[in-house]
Amino acid sequence: MDEDRQPRRLTTILAADALGFSRLTADNEEETLRTLKAHRAVIDHLIARHEGRIFNTAGDSVLAEFSSAVEAVRSAIAIQEELRVRNAEMQEDRRMDFRIGINVGDVLVDGNNLYGDGVNIAARLEHIATAGSVCISGSVFALVKNRISYVFEDIGPQTVKNIPEPVSAYRLTPSTITKREVRKTNTVSWHLPLAAAVCLIIVIGVIYWAARAPSLSTQIPPTELTPNTSPASAPPRLDTAALQRMQPYVGNAVEGISTVTGKPFAMTLKAGGLAEVKLEHATSGFSVDQGIWWIEPNGRFCVHYARFASGNRVCRELVVENGVVMAHTWDHRSNPWVIRK
């Protein structure tokens, strides 16, 4: 009897499909097919780069399997960010947005294909997701909530087709990335010594940066979302003090690897706060954008893109490492921005 039992395994399923594909096809079949192929090239590449495996496709939909829930979510974020950049270069009525759903569950294994509620729930969550967004189940949230620096919106239990019980769901909103709050404590005896130490560090830092500023150069990555990304807002007015802080950086080039596409970017910092960015796509071609850059009084480098990073501001902390100026995220992840003249 055991020999006839269908093999099963616990895995992470990513389901994606194009929103409004039928309408786009009815308007222009050939153009829609070209767009779908270009978008699928991005999706397939980024799924593979995050160690995923596509096991089923049908028309405009994709089903993929990941051994890691974290990598599945990272793949979904990278996909939506690059597609957002590509769609921004198209006419609004010809843009092709994808929705993505992710679930961790038990599945039936049949050769290279997978079946069962674990797959079906991911597909149902994808239908709940809005254009360009990601919807994950509670089982995924439990695995990634302390490992992904993105805000998850709890949208509550969802009743979905052919699933007997409601599915807890969370919506991922990349434009609202925030640094996690530090847990509070009731201990007060160390507050005053700590405050004094912090003040001393700030004073030393101000003196150090005042001495180092004229010799610094700058590097920044274009279309990435980081824990230092603030919600979309207007950039600050560049007053005389801001322009003076920025002067040592004018003419510098910012080069690096985007954490979203995994490809190089290049940024030129011009006088008056103008930034010009060129980003290589994960598959082929480039995108160009402009923005406003500035140096904050606390020494952070910031840029506010016109289109990249969903029009949000991105800020990083400047750090000198072995004589090289780096721009780090708050948690000092790998792949810092390198600052060059």
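What follows is calculated from the coordinates using simple rules that are stated; it is not laboratory data. Quick caveat: nothing in here was measured; it's all calculated off a predicted structure. Here the Cβ positions follow ideal geometry from the backbone for every residue, glycine too, while neighbour counts run over all protein chains shown.
Structure data summary
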{"quantity": "Packing-based exposure ordering (other Cβ within 10 Å, fewest first) of Met326, Met90", "calculated": "Met90, Met326"}
{"quantity": "Average projected area [Cα convex hull, segment 2-176], square nanometres", "calculated": "10.9"}
{"quantity": "C-alpha center-to-center spacing [segment 83-131, segment 1-40] in angstrom", "calculated": "7"}
{"quantity": "Residue order, fewest to most surrounding Cβ atoms within 10 angstrom, among Ile47, Ile54", "calculated": "Ile54, Ile47"}
{"quantity": "Cβ crowding within 10 Å averaged over residues, with 126-132, 95-101 ranked highest first", "calculated": "95-101, 126-132"}
{"quantity": "Residue order, fewest to most beta carbons within 10 Å, for Val303, Val42", "calculated": "Val42, Val303"}
{"quantity": "Hypothetical label at Lys161: residues of segment 124-142 whose amide nitrogen lies under 17 Å (7 Å Cα-Cβ projection)", "calculated": "124-130"}
{"quantity": "Exceeding the 26 Å Cα-Cα cut-off - candidates Lys37/Lys270; Lys37/Lys278; Lys145/Lys278", "calculated": "Lys37/Lys270; Lys145/Lys278"}
{"quantity": "Point-to-point label distance, Asn146-Gln6, nm (Cα→Cβ direction, 7 Å offset)", "calculated": "3.5"}
